[in-house]
Each structure stands twice: as C-alpha cells, then as structure tokens.
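Q: First the structure, then my questions, so here it is.
The values are calculated or read from the model by the stated rules, or taken from the named source; none is laboratory data. If you're wondering where the values come from, they're calculated on a predicted model, not measured in any experiment. Methodologically, a virtual Cβ is constructed for each residue, glycine included, from the backbone with ideal geometry; neighbour enumeration extends over all protein chains shown.
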Amino acid sequence: MLLPQYVGTAAQVADQIEESFRAGEADGVMVSAAQSPGTFNDFVDYVVPELQRRGLFRTEYQGDTLRDHLGLSSTTERVAHAVA
C-alpha cells in the first residue's frame, strides 16, 4: 500500500492533510525522517501549528501520561479488576 507523500510549504502540507481528513481518507499522519532527518522537526515546528490553527491538531492534552491521553485505565486499576 502506498501512503500519500505531502510536499510543499507548511500551509500547503496542511492543506493536503486537511483535504485527506475532510474527505474521510485519513484520520492521522505518519512522519518518517528516514530519508530526510530534519523533516520531523520541520513538521513539528511548522505544520503542527498550522494544523492547530485549523482545529485539526490538539493544543492541549488531558492527563500526564500517554495512557491518560489515550483514555486508558491505569495499570493499578487493571490489576485490581483482574484480582477481583
């Protein structure tokens, strides 16, 4: 399966991501820095703020851990439930 490659300025990349999202073709993106090591930092520094301005990328997180951000129960809750 070929994944789309977004190329251009931050606004152009955000346009392409938004178009895919609004068309129901994507619900997220994967950024690979294998070919261009600075790509990830550029994406975070330039594209993410543009997506945030458009309401397509969160600006705040709930909780303090990845588990909290994903809405998963804590390990202690799972252990207590398994023991009960």
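Listed here are the residues, each with its yes/no results for (1) polar (S, T, N, Q); (2) at pLDDT 85 or above.
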{"residue": "Gln12", "(1), (2)": "yes, yes"}
{"residue": "Asp27", "(1), (2)": "no, yes"}
{"residue": "Tyr46", "(1), (2)": "no, yes"}
{"residue": "Glu50", "(1), (2)": "no, yes"}
{"residue": "Arg53", "(1), (2)": "no, yes"}
{"residue": "Gln62", "(1), (2)": "yes, no"}
{"residue": "Leu70", "(1), (2)": "no, no"}
{"residue": "Thr76", "(1), (2)": "yes, no"}
{"residue": "Ala84", "(1), (2)": "no, no"}
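Q: Can I ask one more? Select from the range 1-27 the residues that are among the aliphatic types (A, V, I, L, M) and free of Cβ contacts under 8 Å to residues at least 40 places away in the same chain and list them in ascending order.
A: Within the range 1-27, Met1, Leu2, Leu3, Val7, Ala11, Val13, Ile17, Ala23, Ala26 meet the criteria.
Q: Please determine whether any residue of the range 43-58 is under 15 Å from the mean Cα position of the chain (by Cα) and on the phi > 0 side of the Ramachandran plot.
A: Yes.
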